[in-house]
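Below you'll find the structure, written out as structure tokens, and then a few comments.
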Amino acid sequence: MASSVEGGGFFERLKAGLAKTSKSLLDNIDGIILGKKVIDQALFDDLEEVLIMADVGAAFAHDLIEKMREQVGRRELDKPEHLRRVLRDTMAEILEKNEAPFAIPAEGIYTVMVVGVNGTGKTTTIGKLARLLKGEGRQVLLAAADTFRAAAAEQLDVWAQRVGIPLVRQEAGADPTAVVFDAVNAAKSGRAQVVIVDTAGRLHTKVNLMEELKKMKRIMGRELPGAPHEVLLVLDATTGQNAVSQARLFRDEIGVTGLVLTKLDGTAKGGVVVRIAAELGIPIRYIGIGEKLDDLRKFNSREFVDAIFKTAAT
């Protein structure tokens, strides 16, 4: 698990970014708990309602309440103010199971296909991810396979120049699978170790567009056995329940292997991270908390929970 040294100023920005989430969750919980002298059914009912409203999801809320009941029954939990600690520890336990950074091998080519609906910050995330990987000493190549929007390739080109890495692109309206073909073969010729493919933002309910993603996956796998090695879904945390629905459908349709949650700094719905982890079990690779170049970071479960509960980084 990453240390607070790595986070440094980032941990303070994370706390600031999650302030709305922290307030929506903890202020309401403290309002229920503080002043209570006993743990009873009414307290559990109120607590469960607050948790569900904080976007952590009914399944997590139910499991947490059951855990608290068991601890009360075993006399391990006897004061209402201790419920806050159980909540914090349970959140950390669930999120830690879903904390998994990229495992890029030292040798060979590693391919990442980035998917998501419009407006999630997908292209910006790709640029920041490319910068992170380049900073780790990786040789990175970007592929502009979003050929539907003329501005998409231009936006990615700006990022490629900003980060100082090559970009494979074609004319607007070209077959996106042709871009993928070119990018994979460029990597095979020695131009890159990591290929990051930008795809057109699409509604997760559009069957024809999902079929196109599957076709791109097939082309990548044909040209490079095992590719894509990662299907990374970018989700906008501000959308709450919609983010959960998108994650479930993309996972079921094309086999999502990892998640990036963006815009955590602008929402009170950061609890959705817990819900996605508890209900879907998809590894959370990165989180984004702002517009700065270094505001995309590897997901650290303990740091995330510490930031919500405004405790010191561990």
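Every condition in (1) in a strand (DSSP E or B); (2) surrounded by fewer than 24 Cβ atoms within 10 Å (Cβ to Cβ) is met by residue 244 except one, and the failing one is (1). Considering the conditions (1) over 27 Å from residue 298 (Cβ atoms); (2) assigned to a loop (DSSP other than H, G, I, E, B), residue 120 is excluded by exactly one of them, (1).
Number of residues in the stretch 256-268 that are farther than 19 Å from residue 297 by Cβ and out of contact with any strand residue (DSSP E or B) (no Cβ under 7 Å at 6 or more places or on another chain) equals 1.
Can you say whether residue 293 is of a type outside the set (Lys, Arg), touching a residue at least 40 places away in the same chain (Cβ under 8 Å), outside any helix (DSSP H, G or I) and more than 19 Å from residue 21 (Cα to Cα), as far as the supplied structure shows?
Values: of a type outside the set (Lys, Arg): yes; touching a residue at least 40 places away in the same chain (Cβ under 8 Å): yes; outside any helix (DSSP H, G or I): yes; more than 19 Å from residue 21 (Cα to Cα): yes.
Yes, satisfied.
Residue-wise test of (1) hydrophobic (A, V, I, L, M, F, W, C); (2) under 24 Å from the mean Cα position of the chain (by Cα).
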position: 15; (1), (2): no, yes
position: 18; (1), (2): yes, yes
position: 32; (1), (2): yes, no
position: 51; (1), (2): yes, yes
position: 77; (1), (2): yes, no
position: 88; (1), (2): no, yes
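Taking the conditions (1) among the polar types (S, T, N, Q); (2) out of contact with any strand residue (DSSP E or B) (no Cβ under 8 Å at 6 or more places or on another chain); (3) more than 12 Å from residue 55 (Cβ to Cβ) in turn, residue 239 satisfies each one other than (3). Being over 16 Å from residue 86 (Cα atoms) and of a type in the set (A, V, I, L, M) is the requirement here; does residue 29 meet it? So residue 29 fails the test. None of 251, 285 is touching a Pro at 6+ places or on another chain (Cβ under 7 Å) and within 24 Å of residue 180 (Cα to Cα) except 285.
If the condition is being crowded, with 17+ Cβ neighbours inside 10 Å and outside any helix (DSSP H, G or I), then the stretch 154-196 contributes 165, 167, 168, 169, 192, 193, 194, 195, 196.
When 279, 230, 253, 291 are checked against the criterion of being touching a strand residue (DSSP E or B) at 6+ places or on another chain (Cβ under 6 Å) and either among the charged types (D, E, K, R) or at pLDDT below 90 (or both), 230 stands alone in meeting it. Selection over the stretch 247-280 of residues that are in a loop (DSSP other than H, G, I, E, B) and either under 25 Å from residue 29 (Cβ atoms) or under 12 Å from the mean Cα position of the chain (by Cα) (or both) gives a count of 8. When residue 238 is tested against the conditions (1) among the hydroxyl-bearing types (Ser, Thr, Tyr); (2) loosely packed, with under 15 Cβ neighbours inside 10 Å; (3) within 25 Å of the chain's Cα centre (by Cα), the lone failure is (2).
Residue 17: under 15 Å from residue 305 (Cα atoms) and either in contact with a strand residue (DSSP E or B) (Cβ under 7 Å, 6 or more places away or on another chain) or at pLDDT below 90 (or both), yes or no?
Yes, satisfied.
Among residues of the stretch 124-143 that are in contact (Cβ under 8 Å) with a residue 40 or more places away in the chain, those with a Cβ under 6 angstrom from a residue that is part of a helix (DSSP H, G or I) and β-branched (Val, Ile, Thr), sequence gap 6+ or separate chain, pair up as 130/163; 131/163; 143/179. The C-beta contact set for the stretch 302-314 (first residue farther than 11 Å from residue 12 by Cα and surrounded by fewer than 22 Cβ atoms within 10 Å (Cβ to Cβ), second residue polar (S, T, N, Q) and modelled with pLDDT under 80, distance under 8 angstrom, 6+ apart or interchain) comprises 302/314; 314/4.
The values are calculated or read from the model by the stated rules, or taken from the named source; none is laboratory data. The structure displayed is predicted, hence computed values, not measured ones. Methodologically, a virtual Cβ is constructed for each residue, glycine included, from the backbone with ideal geometry; neighbour enumeration extends over all protein chains shown.
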